[in-house]
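These notes concern the structure reproduced below.
The values are calculated or read from the model by the stated rules, or taken from the named source; none is laboratory data. Just so we're clear, the structure is a prediction, and the values are computed from it rather than from any experiment. Cβ sites come from the backbone with ideal geometry, for glycine too, and all protein chains shown count toward neighbours. Surface areas here come from the heavy atoms of the whole protein model, side chains and all, with no ligands, DNA or RNA. Shrake-Rupley method; radii C 1.70, N 1.55, O 1.52, S 1.80 Å.
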Amino acid sequence: MEKIVIEGGRKLVGEVTIGGAKNAALAILPATILAGDLCRIENVPEISDVTMIFHILKQLGAEVKLIKPGSYEINTKNIVWQEISHELTRHLRGSYYFVGAMLGRFGRARVAMPGGCDFGARPIDLHIRGFEALGADATIEANAMVDARADSLQGSLIYMDLVSVGATANIILASVLAEGTTTIENAAREPHIVDLANFLIQCGADIRGAGTDVIKIHGVKSLHGCDYSVIPDQIEAGTYMVAAAATSGKVVLKNVIYKHLESIAAKLRDCGAEIIENEDGSVVVEGSAALCSCKVKTLPHPGFPTDMQPQITALLSVADGTSIISETVYDNRFRYVEQLSRMGADISVNGKIAVVVGVERLMGAPIKAVDLRAGAAMLIAGLMAEGVTEIEDIEHIDRGYEDVVKKLSRLGANIKRVNFPEPNTIPSAV
Ligand code: EPZ
């Protein structure tokens, strides 16, 4: 079994280059299906969720060619319609984008329900209602197969009951080739929604308002291929910002868009860190010896991202005073707190609220990554802790963080991947 082993207590110092945005790439790569042509995509993160998306595209008949690390040629001209099985979709949440893309191109999609991090119920009813508003018959069959079909897709006015990143993106995918105009009200405003829209516009789509809460899509007859570069990953950047502050280090982040990091920077300043945006666009994060407690409330963009909630909680576990973390996006995103408690954190969770009483220090311990961003929080906790931390189930971390051990080592962390023999069964008594 592979684990990440960290000897904590070292400051992170130096430069780190942020990779392409996972949640933008997971939408843009299936969107190439709508182009039916050759697309060159750069700054694609080398992470296992992306590997799985490429695997599905190749299963559908797309030609995928690696040009150089992070850069690919994808030709979806010869893609043929087929059902996408649970075996392929269960590894990640982003597989749901194949519903919108296949429905948009072929008028039909059969895609098994997605997988992804376990934060409690993660329905896709808003996706289904969006497809139905466009004139499709869309259902989730008893065998967890999403079936959507339409003789023709018609633009429509869609008001989203909840701000949903995935549903907003999926409706964009299904409507770019529809007849007429689709208006999405109460749309998600995340940077990766804007990136998906910009990619499709480069392919000839007519999309306005991405990044605001009203997005208008005027259907076009067809799309074509394009060259595109994925935006830098807001959450990977935020994770390294928190790690720098948590270890009282000083880290320069390269290949970032500061505008995407404003809510994270503001919160880290509340905690006593210093954040500076350089002329060249890089961002410097300097931690202070005494971290301050604060209040955190997760919200859809431009609020503090829910995907940064576990990481900031790890930092606040050793801040002076008591912090309150309010998770407004998911029902159950505090499962990782139990792991921090094993390291000596004093955190009590009541539903969607966590109360964090800062302790002097965390102590290294054997812990688990219960999901992707929880795994990032475990890395931060291990970097801060006194002694050795062993993190299991690190495949969760590899879903969304490119070369994380190498990047942290280069910043001075004492961190390595270690292969341990599979835990044997309990020895017999005699
Ligand atoms: C995307 O998930 C991201 N994943 C998540 O990132 C991120 O946490 C989330 O957006 C919020 O920013 C990808 O982009 C692949 P939502 P998604 O639809 O689309 C409820 C990471 O760490 N909801 O915005 O699933 C839902 O249960 C991952 O990179 C419905 O009720 O998120 C949640 O409470 C974790 N019905 C809320 O809306 C629906 O049909 C927001 O979910 C859809 C969502």
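Of the residues making up the range 176-226, those that are within 21 Å of Glu132 (Cβ to Cβ), of a type in the set (A, V, I, L, M) and part of a loop (DSSP other than H, G, I, E, B) are Val176, Leu177, Ala178, Ala187, Ala188. Quick check: anything in the range 302-313 more than 17 Å from the chain's Cα centre (by Cα), in contact (Cβ under 8 Å) with a residue 40 or more places away in the chain, outside any loop (DSSP other than H, G, I, E, B) and buried (at least 24 other Cβ atoms within 10 Å of the Cβ)? Yes.
Restricting attention to the range 68-90, the residues being closer than 23 Å to Asn43 by Cβ, out of contact with any strand residue (DSSP E or B) (no Cβ under 7 Å at 6 or more places or on another chain) and surrounded by fewer than 21 Cβ atoms within 10 Å (Cβ to Cβ) number 2.
The residue list Ala237, Ala197, Ala266 contains one member that is at pLDDT 95 or above and open to solvent by 10 Å² or more (accessible area, probe 1.4 Å), which is Ala266. Any residue at all in the range 147-160 that's at pLDDT below 95 and within 16 Å of the ligand (Cβ to nearest atom)? No, because not a single residue in the range 147-160 is at pLDDT below 95 and within 16 Å of the ligand (Cβ to nearest atom).
Hey, could you check the range 12-25 for residues that are in a helix (DSSP H, G or I) and open to solvent by 10 Å² or more (accessible area, probe 1.4 Å) and say which is nearest to the ligand (Cβ to nearest atom)? Restricting to residues being in a helix (DSSP H, G or I) and open to solvent by 10 Å² or more (accessible area, probe 1.4 Å), the top hit is Asn23. For beta carbons closer than 8 Å, sequence separation of 6+ or different chains, a first residue in the range 214-235 that is closer than 13 Å to Leu200 by Cβ and within 16 Å of the ligand (Cβ to nearest atom) and a second that is open to solvent by 20 Å² or more (accessible area, probe 1.4 Å) and not in a strand (DSSP E or B), the qualifying pairs are Ile215/Gly209. Comparison of Phe98, Phe119 shows that the only residue that is crowded, with 18+ Cβ neighbours inside 10 Å and part of a loop (DSSP other than H, G, I, E, B) is Phe119. Pairing residues of the range 383-395 that are in a strand (DSSP E or B) with residues that are of a type in the set (Gly, Ala, Ser) and surrounded by 24 or more Cβ atoms within 10 Å (Cβ to Cβ), at Cβ distances under 8 Å and at least 6 apart in sequence or on separate chains, gives Thr389/Ala381; Thr389/Gly382; Ile391/Ala369; Ile391/Gly375; Ile391/Gly382; Glu392/Ala369.
Per-residue answers, yes or no, for (1) polar (S, T, N, Q); (2) under 25 Å from Ser248 (Cβ atoms); (3) open to solvent by 30 Å² or more (accessible area, probe 1.4 Å); (4) within 16 Å of the ligand (Cβ to nearest atom):
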| residue | (1), (2), (3), (4) |
| --- | --- |
| Ser348 | yes, no, yes, no |
| Val357 | no, yes, yes, no |
| Leu362 | no, yes, no, no |
| Ala365 | no, yes, no, no |
| Ala369 | no, yes, no, yes |
| Leu372 | no, no, no, yes |
| Ile380 | no, yes, no, yes |
| Lys406 | no, yes, yes, no |
| Leu411 | no, yes, no, no |
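Whenever a residue of the range 331-356 is at positive phi, its partners that are in a loop (DSSP other than H, G, I, E, B) and more than 16 Å from the ligand (Cβ to nearest atom), lying with C-beta atoms within less than 6 angstrom and at least six residues away or across chains, give the pairs Gly344/Val359; Gly344/Leu362. In the set (1) part of a loop (DSSP other than H, G, I, E, B); (2) within 11 Å of the ligand (Cβ to nearest atom); (3) of a type outside the set (Val, Ile, Thr); (4) surrounded by fewer than 19 Cβ atoms within 10 Å (Cβ to Cβ), the condition left unmet by Arg129 is number (1).
Which residues, counting only those in the range 269-294, are under 22 Å from Gly20 (Cβ atoms) and either out of contact with any strand residue (DSSP E or B) (no Cβ under 6 Å at 6 or more places or on another chain) or crowded, with 20+ Cβ neighbours inside 10 Å (or both)? Result: Asn278, Asp280, Gly281, Val283, Val285. Within the range 47-61, the only residue that satisfies the criterion of being open to solvent by 10 Å² or more (accessible area, probe 1.4 Å) and either touching a Gly at 6+ places or on another chain (Cβ under 7 Å) or more than 14 Å from Leu88 (Cα to Cα) (or both) is Gly61.
In the range 44-73, the residues that are touching a residue at least 12 places away in the same chain (Cβ under 8 Å) form Cβ pairs under 7 Å with partners that are part of a strand (DSSP E or B) and exposed (fewer than 14 other Cβ atoms within 10 Å of the Cβ), at six or more places apart or across chains, as follows: Tyr72/Lys65; Tyr72/Leu66; Glu73/Lys65; Glu73/Ile67. Among all residues of the range 33-46, there is at least one that is open to solvent by less than 10 Å² (accessible area, probe 1.4 Å) and closer than 30 Å to Glu392 by Cα.
Among the residues of the range 26-38, is there at least one that is of a type in the set (A, V, I, L, M), assigned to a helix (DSSP H, G or I) and within 11 Å of the ligand (Cβ to nearest atom)? Give the derivation first.
Let us first name the residues in the range 26-38 that are of a type in the set (A, V, I, L, M), namely 26-29, 31, 33-35, 38.
Still in the list and also assigned to a helix (DSSP H, G or I): 26-29, 31, 33-35.
Next, from what is left, pick out any that are within 11 Å of the ligand (Cβ to nearest atom): 26-27.
Yes; the residues of the range 26-38 include at least one that is of a type in the set (A, V, I, L, M), assigned to a helix (DSSP H, G or I) and within 11 Å of the ligand (Cβ to nearest atom).
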